[in-house]
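Input: a single structure, listed below in structure tokens.
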Amino acid sequence: MTIQTIATTPFAGQRPGTSGLRKKVTEFQQPGYLENFVEAIFLTLGDCSGRTLVLGGDGRFFNREAVQTILRMAAAHKVAKVLVGRGGILSTPAVSCVIRKHGANGGIVLSASHNPGGPDGDFGIKYNIENGGPAPEKITEAIFAHTLTVNAYRISDAGPVDLDRIGTTQLEDMQVEVIDPVADYAELMERLFDFDAIRALFSKGFRMRFDGMSAVSGPYAKAIIEGMLGAPAGTVINGEPREDFGGHHPDPNPVNAAELVALMDGADAPDFGAASDGDGDRNMIVGRRLAVSPSDSLAIIAANATLAPGYRAGLTGIARSMPTSQAADRVAAALGIPCYETPTGWKYFGNLLDAGMATLCGEESYGTGSDHIREKDGLWAVLFWLNLLAATGKSVNQLVEEHWARFGRNYYSRHDYEAVDAEAADQMMGALRGKLAELPGQDLGGYTVQLADDFVYTDPVDNSVATRQGVRIVMTDGSRVVLRLSGTGTEGATVRIYLERYEADPARHGLDTQAALAPLIAIAEQLSALKARTGRQQPSVVT
Ligand code: VG1
Ligand code: CO
């Protein structure tokens, strides 16, 4: 076995987006493409001797190959030890959990999350730091800078490691420990939630469906929900991770999890439905004929958090991404705790969580989590809901309706226009930014604009500043229209339009969401001229 230095030349476009580097699998398969990016990570980390890293992914096509390459590169960079999930599998929340529990120096997550997989799908890679969370921008920018100048990478020529057997092997001077991908995570969940109460709920005949979407969360959900909590076999559907996610889009929303939603709408609907995404960090919560909006889910979890043993002491604060609805702000106000508004992407929550300023975090994109790890956590949110259902004896629908009655309802929707022409999208955003200064005070479609800006975030912990994080037009009654471009897509640009309207009156809590938001949808079109600029008449996905 020898360590080799292989000459290479930079690839353009290796700047990490909202959550790591995501590209088509075919792009990753170019000789040196993955290696260059991994070398850039190691160049950023500096001396790795004595360090421990965690490595795993969501099992999508190219996962195993990438794990072997990264192990051989880690050995060449003198990493002391790598903890890798069996079969190369670790959900994103499990990576975060394992880094923290084992005191590792960081980890590499292989996933393109909610993007489709398979030979024609997407692949992704992300570096997480020692708190278990996504690397902050100063690190991702340093990695990117190295991708522009990298001219060689170091790699061992050793043969492949057996990833399917638990135990420790040696690769050059590096230890490779293959671990059970579920055990550490399951143990953490058991400490946070009232497993006895949830077990009692299932033993009384409570029925649930968890859709693993043929992605990474299946093994976790089976071990915890069917195994530890005693739910009947078959509660977890699509529970085997597949390299192409069964050809589906592993994105838990009512559009992509249509089968689950149809089941929950039917006559024989179970009591509770849930789903997770490719890498297990997203969640969708479904009641009977009711898909709970992720923003509402965050607010409801926050309002009832002390019912779960891990949160009995209460919350220090709540953080939500800017486009996420303000439902959580109302709960924070009632609890007398701060609510922080951050840019999109979990990396912006890390400092607040580390500083103990926030306990719960959430994003409108089906992402919810807490200070138990430093990633959003799909199964955690599902278990939190199970804990609330068991502790209150109420249904999902009851909890949601009672929440609205108490706090008011924030009608909310996101309209995505996927794979639009990137230049047209940039021009649209540019033109919109140009109009912002004149909007405050203007009357638009029955609303008066109070504030219009391109969101700038100053991190209250380290004072780092993130600019151009999305255009927001806030009305005097708190209703909002937000527009931003996705940072996770791999084809053209994806325009996201976020719409929110607050309604205090319980008599008006039963409206159709799109109808309730129609005036704001019209304002978004009026200000952006999206139809003319992109040629799109309809959003590709409405959630
Ligand atoms: C999207 C979501 C964002 C989320 C990110 C990663 O980013 O909007 O809220 O944090 O995906 O989620 P963007 O830039 O495409 O809007 V995951 O589950 O794909 O890691
Ligand atoms: Co994800």
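Residue count for region 86-107 under the criterion of being under 16 Å from the mean Cα position of the chain (by Cα) and of a type in the set (Val, Ile, Thr): the result is 2.
Scanning region 369-392 for residues that are of a type in the set (Gly, Ala, Ser) and touching a Gly at 6+ places or on another chain (Cβ under 9 Å), we see that the one that is farthest from Cys97 (Cα to Cα) is Ala381.
Listed by position, the strands (runs of 3 or more DSSP E) inside region 111-198 whose residues that are within 16 Å of ligand 1 (Cβ to nearest atom) and more than 23 Å from Arg100 (Cβ to Cβ) number at least 1 are 122-128. With respect to the conditions (1) within 18 Å of Pro250 (Cα to Cα); (2) modelled with pLDDT of 95 or more; (3) among the polar types (S, T, N, Q), Asn131 falls short on a single one, namely (1). On the stretch given as region 264-290, residues that are under 15 Å from Gly234 (Cα atoms) and within 16 Å of ligand 1 (Cβ to nearest atom) total 2.
If only one of Gly478, Gly487, Gly510 is part of a loop (DSSP other than H, G, I, E, B) and at positive phi, which one is it? Checking each option against the conditions leaves just Gly478.
Restricted to region 487-506, and to residues there that are of a type in the set (Ser, Thr, Tyr) and at pLDDT below 95, the residue that is farthest from Gly408 (Cα to Cα) is Thr490.
Scanning region 427-461 for residues that are of a type in the set (Asp, Glu) and exposed (fewer than 13 other Cβ atoms within 10 Å of the Cβ) turns up Glu438, Asp443.
Among the residues examined, Arg414 does not qualify as at pLDDT 95 or above, in a loop (DSSP other than H, G, I, E, B) and either of a type outside the set (S, T, N, Q) or within 16 Å of ligand 1 (Cβ to nearest atom) (or both). Only one entry of Arg22, Arg15 meets the criterion of being out of contact with any Cys (no Cβ under 6 Å at 6 or more places or on another chain), part of a loop (DSSP other than H, G, I, E, B), of a type in the set (D, E, K, R) and closer than 16 Å to Thr140 by Cα, and that entry is Arg15.
Considering region 299-373, the qualifying strands (runs of 3 or more DSSP E), each wholly inside and each with 3 or more residues that are within 28 Å of Pro250 (Cβ to Cβ), run over 318-321, 360-363, 367-370.
Let's see how each residue does on (1) within 16 Å of ligand 1 (Cβ to nearest atom); (2) assigned by TED's automatic domain parsing to the domain that holds Ser486; (3) crowded, with 19+ Cβ neighbours inside 10 Å:
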| position | (1), (2), (3) |
| --- | --- |
| Leu353 | yes, no, yes |
| Ser370 | yes, no, yes |
| Trp380 | yes, no, yes |
| Phe384 | no, no, yes |
| Leu388 | no, no, yes |
| Val400 | no, no, yes |
| Ala425 | yes, yes, yes |
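Rundown of residues vs (1) surrounded by 13 or more Cβ atoms within 10 Å (Cβ to Cβ); (2) touching a Cys at 6+ places or on another chain (Cβ under 7 Å); (3) of a type in the set (A, V, I, L, M), yes/no style:
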{"residue": "Arg468", "(1), (2), (3)": "yes, no, no"}
{"residue": "Val482", "(1), (2), (3)": "yes, no, yes"}
{"residue": "Gly492", "(1), (2), (3)": "yes, no, no"}
{"residue": "Leu499", "(1), (2), (3)": "yes, no, yes"}
{"residue": "Glu503", "(1), (2), (3)": "yes, no, no"}
{"residue": "Pro506", "(1), (2), (3)": "yes, no, no"}
{"residue": "Gly510", "(1), (2), (3)": "no, no, no"}
{"residue": "Thr513", "(1), (2), (3)": "yes, no, no"}
{"residue": "Pro519", "(1), (2), (3)": "yes, no, no"}
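Considering only residues that are farther than 9 Å from Val400 by Cβ and touching a helix residue (DSSP H, G or I) at 6+ places or on another chain (Cβ under 6 Å), look in region 292-301 and name the one that is farthest from ligand 2 (Cβ to nearest atom). Checking each candidate, the answer is Ala299.
The values are calculated or read from the model by the stated rules, or taken from the named source; none is laboratory data. Since this is a predicted model, take the numbers as computed values, not measurements. Cβ: placed from backbone, ideal geometry, glycine included. Neighbour counts: every protein chain shown.
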